[in-house]
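The values are calculated or read from the model by the stated rules, or taken from the named source; none is laboratory data. What you see is a predicted model, and the numbers here were worked out from it, not measured in a lab. Neighbour counts are summed over all protein chains in view; Cβ atoms, including those assigned to glycine, are modelled from backbone coordinates with ideal geometry.
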There are 4 protein chains.
Amino acid sequence: MKRKIRMGLVGGGPGSFIGAVHRIAARLDGQIELVCGAFTRDPVKCKAMAQELYLPEERCYASYKEMIECESKLPAGERMDFVSICTPNHIHAEIALYAMDHGFDVLCEKPMTLTVEEAEALAAKVKETGLVFALMHNYTAYPMVRVAKEMIANGDLGEIRRIMAEYPQGWLADVVTEENKQGSWRTDPATTGISCCMGDIGSHAENLSEFITGLQISELCSNIKNFVPGRSGLDDDGDVLLRFENGAQGVISASQVAIGEENALKIRIYGTKAAIEWRQEDPETLIVKYNDGAARHFRRNWAGCGAKWSRLPAGHPEGFLEGMANIYTDFARAIDARLNGVPYQSEFPTVFDGVRGVKFIHAVVASKGSWVKL
Amino acid sequence: MKRKIRMGLVGGGPGSFIGAVHRIAARLDGQIELVCGAFTRDPVKCKAMAQELYLPEERCYASYKEMIECESKLPAGERMDFVSICTPNHIHAEIALYAMDHGFDVLCEKPMTLTVEEAEALAAKVKETGLVFALMHNYTAYPMVRVAKEMIANGDLGEIRRIMAEYPQGWLADVVTEENKQGSWRTDPATTGISCCMGDIGSHAENLSEFITGLQISELCSNIKNFVPGRSGLDDDGDVLLRFENGAQGVISASQVAIGEENALKIRIYGTKAAIEWRQEDPETLIVKYNDGAARHFRRNWAGCGAKWSRLPAGHPEGFLEGMANIYTDFARAIDARLNGVPYQSEFPTVFDGVRGVKFIHAVVASKGSWVKL
Amino acid sequence: MKRKIRMGLVGGGPGSFIGAVHRIAARLDGQIELVCGAFTRDPVKCKAMAQELYLPEERCYASYKEMIECESKLPAGERMDFVSICTPNHIHAEIALYAMDHGFDVLCEKPMTLTVEEAEALAAKVKETGLVFALMHNYTAYPMVRVAKEMIANGDLGEIRRIMAEYPQGWLADVVTEENKQGSWRTDPATTGISCCMGDIGSHAENLSEFITGLQISELCSNIKNFVPGRSGLDDDGDVLLRFENGAQGVISASQVAIGEENALKIRIYGTKAAIEWRQEDPETLIVKYNDGAARHFRRNWAGCGAKWSRLPAGHPEGFLEGMANIYTDFARAIDARLNGVPYQSEFPTVFDGVRGVKFIHAVVASKGSWVKL
Amino acid sequence: MKRKIRMGLVGGGPGSFIGAVHRIAARLDGQIELVCGAFTRDPVKCKAMAQELYLPEERCYASYKEMIECESKLPAGERMDFVSICTPNHIHAEIALYAMDHGFDVLCEKPMTLTVEEAEALAAKVKETGLVFALMHNYTAYPMVRVAKEMIANGDLGEIRRIMAEYPQGWLADVVTEENKQGSWRTDPATTGISCCMGDIGSHAENLSEFITGLQISELCSNIKNFVPGRSGLDDDGDVLLRFENGAQGVISASQVAIGEENALKIRIYGTKAAIEWRQEDPETLIVKYNDGAARHFRRNWAGCGAKWSRLPAGHPEGFLEGMANIYTDFARAIDARLNGVPYQSEFPTVFDGVRGVKFIHAVVASKGSWVKL
């Protein structure tokens, strides 16, 4: 008989933004149930989380290691199926490896790891174990992003010439206070890695550029900077010139000090026949432009557009949670298929996308205004 | 110990749009679990639903009566807490009454009932039993709608003069085929009542106008029409002139034959000091306009705006499901409070909003181009 | 040899908004030259106007009668060709009649006259004299409005079902001071006529609805009101239910107390095949919507759209002055054709549109909440 | 007695886009009259132009030299006051020098010259002669651009950190045919200079960035490319990383092969306190964003914003022609002041802006992916 896929969550303790978001997204389609977690090391808060999440206290573990070890020993019909990692970046690799070594599938936040070596170790482990590994590049799962990818794969844009991706945010325009947990770990090299802005959001722009076009960045030249004190010199703003393998060119701009900007990820791709434009803050619309006629504004699930990735009819706005849920649901199906020995064609980002993202971050930091290969 | 609130769902069988939406919204915040349902009378489909929803077959009942009766007999720690009704309109009243007669709280889709008499019977029953009753006017639960309501209550707009609400849709611009279940029951007077367009969506415009302003429509004059054959003369398009108790005036326009329109509910309210504008298809933005300075575009959860009704930071789009989930979660908290004898101030629409909505629909149909009191 | 067409202007003295606008629009294409005027009765201001407009003082007349009489006596190669009337409404009729009686062509601001009788007298005079008469319904001359008209004439929208025209402004939301000349004469029945809001801007909505669709309003029911004191009860806000000759229906909403609104004329027309939407404040875009595919955003002069009414390439915004200039230029060509005995197919609104507009205003005021024929 | 300022135009023959635009803009405010021109060398077309422009044939000259020489000999009350140059780029310098050597003021299209040496020679000549010289960077004259400049000068944005300017166009996405005169001379190094895209439109982005912020670019690194054959290798697409004198950074992106784009110049400037955003295709709106409250959408001439550069009330769209007319009118006033020995504070771009623009183009081409000083 069909059963729900069981999730163990690492990270997402009190005050975490992304933990609560993961829990909602995972449960959205009703196929995944949260059965345990290593949300926090604080035993008092741990109890509170158990209460809040309707979990037995004994399955709210004090550490990811304890969680993975204890769950391994539970009966097959009870133990978690996969580990979802939404901790700060620096421990992604060790948790993921530990989970896979114990036979658990893994869903991991991005950027995947701090170093390229760690990233490649994860990729090797995925190949070795055959486990399911999904990287939470959730913007790839918005319906209209996938429609865009299909259009380009279908040749609707012709040969791609120009790619412009931008991701301005304003939330780190000032010095971060200690209470701002999000802001604190993201601006600390010990937890976030060698880049703040490009690591956190520039990497989304990179991932989306390559995901939608199917093209790889071959070379880049960056100009990044730290504006706000207290960030150990980590970049909070920058631009990256891009050259793609097919001769296309363009630019990624990202900033966390772009005051007044919310989460304004936007991508434009120009080909020889047509161009597309998509904005994350208006995710239901995909604009396609032509030189020889009217621009077309495609809307999610209007006249069937992107229907297979939709839950609601057109005009009933979907957003960030639905995008993330698309990845969780796809991931749960992949686990289900693996468990049942059935082939499955997943659409979520993989460990190899993770490797590429980490390489991008390192190339951007290494560039220092000169061209480097990617 | 804290527990989840348990839902039994009536309606929402295979092919239902709104049933799946209710299930997602109910589970979004993790406080409600679906434990049973009367999704369909077809026993084969019933089994399929059980499988799809991970429910035991014995709790997928063949009728709402069977569900209510059987659940009543289950132990307190197991049986459903409330009935959620998302059937066609004609059986809302009987299900709701039956549920309350058996001591179950009720959440009901709108329009609440077919007739004013039924609506008032429901209101009387709610008063008599003290049970929790929520009406699913989900648009009232969008964060920026509530921010608008607060602004007006706070006097930011001054005295209200003009209210314009519109709700154009295009999905019924052509004759409905039988496979289109949604379209079929909504255009059939037996299931939908005396009005199609004004009942289904004009009533949202009415509800939102009164909810946001806190004013009541005192008089109206309508011009409604049936354009597409096969609807037994039920209106699929119309406009309603409005006069409000305070002297304000305005208009509601609604259409299901407004070809090319998705779900374009929009409301504008003009006072003596300022005006507001909100569009359901861009629900994260509330525009406030002035004669003596720049218009302000408030955004959900930016600088704390509407934070208490938000799950995500600004710029991470929320939408329809989150709005509906706001009502479900508020409703579950109200049930929890009732069960624990704790006072609770709910924000969801009530049975009295339902009475008003049904009266509105009847007044619109009765008007036939003349002024009638509401 | 080709020569410029010579204009005499009545009205548009110091402080007039519309006078300066007329002068710019008339000269925009370089075919019309202002040669004289009756701008003001004040002899000091008159001299100042002569200086400002580089006109000889003797051709800045103290009254329209003096202007028309004196110019009549000038040699043919010198005297004005036509009279442009941009005075308050109450003297449109007498000036226009006097001008035509002296053989001058006339361009007149709208609404054409205060009464239906005056309007019909003008129409009779135009028929009798064969002179060129243009009514300044400038919104009909925006390129994308004319593209919309062509689309509908071409059947692209199918049979028209719904027409929604709105014209909210906020500039009269407060009591008008005496210095506000615009506001003063427009809110005074002696100069503006029996309606303020519907006469000034509702009539634009009416004209545009009929112009674009080619359909006539057959019946209407209005709800209009005076909100701000000091307007002798003249409406400054209202809505009008519409029924069209072909069975289409809809609504016109207009307000001068819609605080925060600039000049937000907008029209939407829904047919059986497609719908169009146009906003005066974003006049370069015409949106066409469909049920079976993506909306198309046509842009002025992109891929040749509306090129024949354009001066600039797409993306180089044109606006209000260019619209008005389209009428002046067309009008000048019609005069040129008349003078040379050449046939000419003009596109500007005629005296018959003016009659219809005056009838509309009177019907709206007469309705008082009941249905009246138009 | 006051008189109009008299213009002689070089360039703008049949088929020229920018010539007709200059003539309209120059006449818009009624202070300038076109008295002569060297529109074309073709004597037949020359006569046609005389006819079309209502000019005597003898003042439609066969060359700019003839025009300047002949006009010099006319009586003071008759001869042109200034020369307006809207030819291809390669002859700007020689015409401007010749005109100034004959004592005529000059208005010149941008880019000012082909080489830095020519640019500096012009600057020297302006200093030497004291003549009025205006450079047609018309985007600086849009009202909301000037409002933005004032806001920044006023400290409203705090210290500037990030500047993003983009100028995508699609009109050169394909090979240019011979009939496309615009396209032909702009893609030919003999007439356009060493850069096509960056020279024609990148230079607008540069000028606007420096104009609005009052900051200078200190260093840049470009990545430019020629995509379409037949352009002698001239760039038709590119991005330029920027570093400003105060430590701000950012990027200019420009393209003539961005298919589907009209004339989408846009600029965003982020400071420590607020940010601004302006789009040329929606020029009436200036968005100001904050981290601690709602974004404000300022509109031209609403509540007096930018009123001194406006002709029309808010909501009556102004555009490209009005921007250009702002420069012509300002220029005419400067000439008038010079002729009358009166001091005058002009706002139009000067010969020094022209020098800077030419230096920018040369730096971009010289960069070839490395950092160069500007």
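The requirement of being within 14 Å of chain C (Cβ to nearest Cβ) and assigned to a strand (DSSP E or B) is fulfilled somewhere in region B:355-372, by at least one residue. The set of residues in region A:85-118 that are touching a Lys or Arg at 6+ places or on another chain (Cβ under 9 Å) and small (Gly, Ala, Ser) contains only A:Ala96.
Could you please let me know if C:Arg300 is crowded, with 24+ Cβ neighbours inside 10 Å, touching a Phe, Trp or Tyr at 6+ places or on another chain (Cβ under 9 Å), under 21 Å from D:Pro168 (Cα atoms) and among the charged types (D, E, K, R)? So C:Arg300 fits the description; yes. Counting the residues of region C:2-44 that are at the interface with another protein chain (Cβ under 8 Å from one of its Cβ atoms) and at positive phi gives 1.
For region D:203-226, enumerate the residues that are within 12 Å of chain A (Cβ to nearest Cβ), under 19 Å from D:Gly193 (Cβ atoms) and not small (Gly, Ala, Ser). Steps first, answer last, please.
So in region D:203-226, the residues within 12 Å of chain A (Cβ to nearest Cβ) come out as D:219-226.
Add one more test, that the residue is under 19 Å from D:Gly193 (Cβ atoms), and what stays is D:220, D:222, D:224-226.
Listed by number, the residues that qualify are D:Leu220, D:Ile224, D:Lys225, D:Asn226.
Within region B:251-263, restricting attention to residues that are within 7 Å of chain C (Cβ to nearest Cβ) and outside any loop (DSSP other than H, G, I, E, B), the residue that is nearest to A:His316 (Cα to Cα) is B:Ser255. Scanning region A:163-211 for residues that are among the hydrophobic types (A, V, I, L, M, F, W, C) and part of a helix (DSSP H, G or I) gives A:Trp185, A:Ala190, A:Cys197, A:Met198, A:Ile201, A:Ala205, A:Leu208, A:Phe211.
In a residue-by-residue description of region C:228-241, the property of being out of contact with any Cys (no Cβ under 8 Å at 6 or more places or on another chain) and within 10 Å of chain B (Cβ to nearest Cβ) applies to at least one position.
Taking the criterion of being of a type outside the set (S, T, N, Q) and within 17 Å of A:Ala205 (Cβ to Cβ), the residues of region A:120-145 that qualify are A:Leu135, A:Met136, A:His137, A:Tyr139, A:Ala141, A:Tyr142, A:Met144, A:Val145. If you go through region C:302-320 and keep only what is more than 7 Å from chain D (Cβ to nearest Cβ) and in a helix (DSSP H, G or I), you end up with C:Ala303, C:Gly304, C:Ala307, C:Lys308, C:Trp309. Residues that are closer than 29 Å to A:Glu52 by Cα, surrounded by 17 or more Cβ atoms within 10 Å (Cβ to Cβ) and touching a helix residue (DSSP H, G or I) at 6+ places or on another chain (Cβ under 7 Å): does region B:72-79 have at least one? Yes, region B:72-79 contains a residue that is closer than 29 Å to A:Glu52 by Cα, surrounded by 17 or more Cβ atoms within 10 Å (Cβ to Cβ) and touching a helix residue (DSSP H, G or I) at 6+ places or on another chain (Cβ under 7 Å). In this structure, C:Ile267 does not satisfy being free of Cβ contacts under 8 Å to residues at least 24 places away in the same chain, under 24 Å from D:His316 (Cβ atoms) and assigned to a strand (DSSP E or B). Answer with yes or no whether D:Arg333 is without any contact (Cβ under 8 Å) to a residue 12 or more places away in the chain and either within 13 Å of chain A (Cβ to nearest Cβ) or of a type outside the set (Asp, Glu) (or both). Answer is no for this residue. Sort through B:Leu107, B:Leu55, B:Leu74 and tell me the only one that's within 30 Å of A:Leu34 (Cβ to Cβ) and within 23 Å of the chain's Cα centre (by Cα). From the options B:Leu107, B:Leu55, B:Leu74, the qualifying one is B:Leu107. Being out of contact with any helix residue (DSSP H, G or I) (no Cβ under 6 Å at 6 or more places or on another chain), in a helix (DSSP H, G or I) and under 24 Å from A:Ile24 (Cα atoms), is that true of even one residue in region A:94-114? Within region A:94-114 (the criterion being out of contact with any helix residue (DSSP H, G or I) (no Cβ under 6 Å at 6 or more places or on another chain), in a helix (DSSP H, G or I) and under 24 Å from A:Ile24 (Cα atoms)), the answer is no, since none of the residues qualifies.
Looking only at region D:218-239, which residues are surrounded by fewer than 18 Cβ atoms within 10 Å (Cβ to Cβ) and either in contact with a Gly (Cβ under 7 Å, 6 or more places away or on another chain) or outside any loop (DSSP other than H, G, I, E, B) (or both)? Step through it out loud before you land on a result.
Narrowing region D:218-239 to residues surrounded by fewer than 18 Cβ atoms within 10 Å (Cβ to Cβ): D:218, D:229-230, D:232-233.
D:Ser218 - this is the single residue of region D:218-239 that is surrounded by fewer than 18 Cβ atoms within 10 Å (Cβ to Cβ) and either in contact with a Gly (Cβ under 7 Å, 6 or more places away or on another chain) or outside any loop (DSSP other than H, G, I, E, B) (or both).
One residue is enough: does region D:140-162 have a residue meeting the conditions in contact with a strand residue (DSSP E or B) (Cβ under 9 Å, 6 or more places away or on another chain), within 14 Å of chain A (Cβ to nearest Cβ), under 21 Å from D:Asn263 (Cα atoms) and assigned to a strand (DSSP E or B)? No, the conditions are met nowhere in region D:140-162.
Taking the numbered list (1) more than 11 Å from chain A (Cβ to nearest Cβ); (2) within 21 Å of B:Ala332 (Cα to Cα); (3) of a type in the set (A, V, I, L, M, F, W, C); (4) without any contact (Cβ under 8 Å) to a residue 12 or more places away in the chain in turn, B:Ala99 passes all entries but (4). Looking across region A:264-301, just one residue is in contact with a Leu (Cβ under 9 Å, 6 or more places away or on another chain), within 20 Å of D:Lys289 (Cβ to Cβ) and at the interface with another protein chain (Cβ under 7 Å from one of its Cβ atoms), and that is A:Glu281. Remark: pairs (first residue in region D:355-370, on the phi > 0 side of the Ramachandran plot; second residue modelled with pLDDT of 95 or more; Cβ separation under 8 Å; 6+ apart in sequence or on different chains) = D:Lys368/D:Ser222; D:Gly369/A:Cys221; D:Gly369/A:Leu241; D:Gly369/A:Trp371; D:Gly369/D:Cys221; D:Gly369/D:Ser222; D:Gly369/D:Asn223. In region B:14-50, which residues are within 14 Å of B:Ile85 (Cα to Cα), modelled with pLDDT of 90 or more and of a type outside the set (A, V, I, L, M)? Hits for region B:14-50 are B:Gly19, B:His22, B:Arg23, B:Cys36, B:Gly37, B:Phe39, B:Thr40.
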